[in-house]
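The next block holds one structure in the form of structure tokens; read it before the comments.
Values in this text are rule-based calculations from the coordinates and carry no lab data. Because the structure is predicted, anything quoted here is derived from the model rather than measured. Don't worry about glycine lacking a Cβ; one is built from the backbone with ideal geometry, like all the others, and counts go over all protein chains shown.
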Amino acid sequence: MSRSSNPIPGNAARSRAYDDFLRACPDYASTAILDALRASDYRRLDDQEHVYLDYTGGSLYAGSQVRAHAALLDAEVLGNPHSASLTSSATTALVEQSRRAVLAWFNAGTDYTAVFTQNATAALKLVGESYPFRSGGHYLLTFDNHNSVNGIREFAIARGATVTYAPLTTPELRVDRRRMSALLGGAAGSSEPRLFAFPAQSNFSGVRHPLDLVEEAHADGWDVLLDAAAFVPSNRLDLGRVQPDFLCVSFYKMFGYPTGVGCLLVRRRALEKLRRPWFAGGTVNFATVQARRHILAPGEAGFEDGTLDYLAIPAVEIGLRHLAAVGMETIQTRVRCLTDWLLAELVALRHGNGRHMARIYGPVTTSDRGGTVTMNLYDPDGHLLDYRRVEQLATERRISLRTGCFCNPGAGEAAEGLSEEDIAAALEQSPEMTLPRFLHAVTHRGGKSAGAIRVSLGIASNFADVYRFVQFVTELRDQARLALGEVTFDIETCRVIRDGS
């Protein structure tokens, strides 16, 4: 008997819960193709009794993707593309075939070009280092952004541009539209370069920010950078309808394989604004040492530094075909149904004394949100449970999730109500600040957390996965041994209490 066919403790209860779930979410039945896919392409999950809940960190690859890529490599003779040889020409053809597939997937038409990068972070760095920031210019971004977007501010500041963060509403952690509109419109009429950046979907809260912000920003004269890394694994982004100037993605977040390949999709008119601060192999048509001159290659070639990962890039088209065969609408429906059930169950969990166990950061319904659920857990007295210990316990039960701040400090600060004074005071406590020291200082100074627990769903998720996670959290009911000090949070009033006062 295989491990996957062994009876699971509580199986009868899970069956009853599944029946209730289907009645509440009848659309889930239309996603049955994903159950067959899990049994074939992702069977290692059930063979190992592994619950994978980190799709925002990285999607899982299908076995068929790897086999198709291996077969292609086994059949071809491929070499460095920077030549006109047989092997170079064959490689170039495959790379360009994948480029066309990416542009077609996003319905980019002829308005965009695709620049292959190492990942979404590398794509963002290309924009940051090449955008014409200068004195009088402006970089506007939301509190809710990945650090790779936050990091662009260093390029802006170094060149004298103003940097402004747009706030979020609490507790749902959505863009404050009134304040955002004022910030976008406040620079109207300026001819200086202005760049606005935001994520299509938060990697912290799962919130889907309104894509009509792109059109609003354009109307006020801004260039727009859209981080779609967390959005596109379960949503189709149509560049024929939503037209940011810059769009970044990481393909491993979409379909798991290959890693090490991302993409920057750029409107051609925006590409003309970028000025690279250096040149490298592969980016120039001509360079001379004695005259100290160079001529950058036109279009996307001028931004693809060195030698591309030319053996991995053909796997991108294979991954896109895999998603197309499944159907993005099917993935979206499954993720929505599972997320809806998970949120409802977590919100309903209470200790024996009636206190809530979980505090959800962001929306507690599936309206305008994706399959990323971030939370903290509390003991019966309202003391914060150590999320690092929670992760250890989850690992013992073969549940893979993620804890920390998820490279999105702004959303975490907004969620916990951390002020600039809180952060400054914590940083001043040690000249050699580390993340663990910072987390400890923040927690014990103001009774606030600088980290959380994140679970996220994707293509191979099923009901058994979310059920096992809820059962795991339920095991912590009425337990206090994981509490962090005397920090108390009253979930009913969203108020921090210290020492029970």
Reported label for calculated Rg/Rh (Cα atoms, Kirkwood Rh) given (i) 1.08; (ii) 0.99; (iii) 0.95: (ii)
If the chain between SER181 and HIS50 were fully stretched, how many nm would it gain, using 0.36 nm times the residue separation less the Cα-Cα distance? 42.6 nm
Between VAL364 and ALA188, take the C-beta separation as r, use R0 = 45 Å, and let me know the FRET efficiency to the nearest 0.05. 0.80
Which of GLU416, GLU300 comes first, and how do the rest follow, when ranked by fewest Cβ neighbours within 10 Å? GLU300, GLU416
Working from Cα positions, state the angle (0 to 90°, nearest 10) between the long axis of helix 435-446 and the longest principal axis of the chain. 50 degrees
What residues qualify as long-range amide H neighbours of VAL163, i.e. H under 5 Å apart, gap of 5 or more or another chain, H built at 1.01 Å from N? TYR139
Where does helix 120-130 land angle-wise versus the long Cα axis of the chain, in degrees 0 to 90, nearest 10? 50 degrees
Once amide hydrogens are built 1.01 Å from N within the peptide plane, the residues lying 5 or more places from ARG402 or on another chain with amide H under 5 Å from its amide H are ARG454
FRET efficiency for ALA287 and ALA104, using Cβ-Cβ distance with R0 set to 30 Å, rounded to 0.05: 0.35
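Want the number for GLU272 to GLU96: 0.36 nm per residue separation, take away the alpha-carbon distance, what's left?
Computed gain between GLU272 and GLU96 is 61.2 nm.
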Under 4 °C and 1.567 mPa s, how fast does the stretch 76-324 diffuse according to Stokes-Einstein, given a Kirkwood radius computed over C-alpha pairs? Answer in µm²/s, whole number. 69 µm²/s
Mean Cα-pair separation over length for the stretch 214-348, i.e. relative contact order, pairs under 8 Å, 6 or more apart, %: 20 percent
Percentage relative contact order, the stretch 76-324, counting C-alpha pairs under 8 Å, at least six apart: 24 percent
Net charge near GLY185 (other residues with Cβ under 10 Å of its Cβ; Lys, Arg +1; Asp, Glu -1) is -2
Taking the Cβ-Cβ separation of ARG477 and LEU22 as r and a Förster radius of 30 Å, what is the calculated FRET efficiency to the nearest 0.05? 0.70
For the pair ASP74 and ALA344, the simple spin-label estimate (label points 7 Å beyond Cα toward Cβ) gives in nm 4.7 nm
Work out how much length ALA425 to THR87 would gain on full extension: take 0.36 nm times their residue separation and subtract the Cα-Cα distance, in nm to one decimal. 115.8 nm
In whole percent, what relative contact order does the chain give with Cα contacts below 8 Å and a gap of six or more residues? 20 percent
Cα long-axis angle, helix 63-75 against the chain (0 to 90 degrees, to the nearest 10): 30 degrees
Give a residue-ordered list of calculated ³J(HN,Hα) values for the stretch 34-49 (Karplus: 6.51 cos²θ - 1.76 cosθ + 1.60, θ = phi - 60°; whole Hz; x for Gly, Pro). 6, 5, 5, 5, 5, 5, 9, 7, 10, 5, 4, 4, 6, 4, 9, 6
Karplus (6.51, -1.76, 1.60) ³J(HN,Hα), θ = phi - 60°, over the stretch 189-199, in Hz, Gly and Pro reported as x: x, 6, 9, 6, x, 9, 10, 10, 10, 7, x
Give me the distance in nm between label points sitting 7 Å out from Cα along the Cα-to-Cβ direction at ALA301 and ARG43, one decimal. 4.6 nm
Ascending count of other beta-carbon atoms within 10 Å, so fewest first, for TRP278, TRP341: TRP278, TRP341
Please arrange ARG359, ARG178, ARG276 by counting, for each residue, the other beta carbons lying within 10 Å of its beta carbon, fewest first. ARG178, ARG276, ARG359
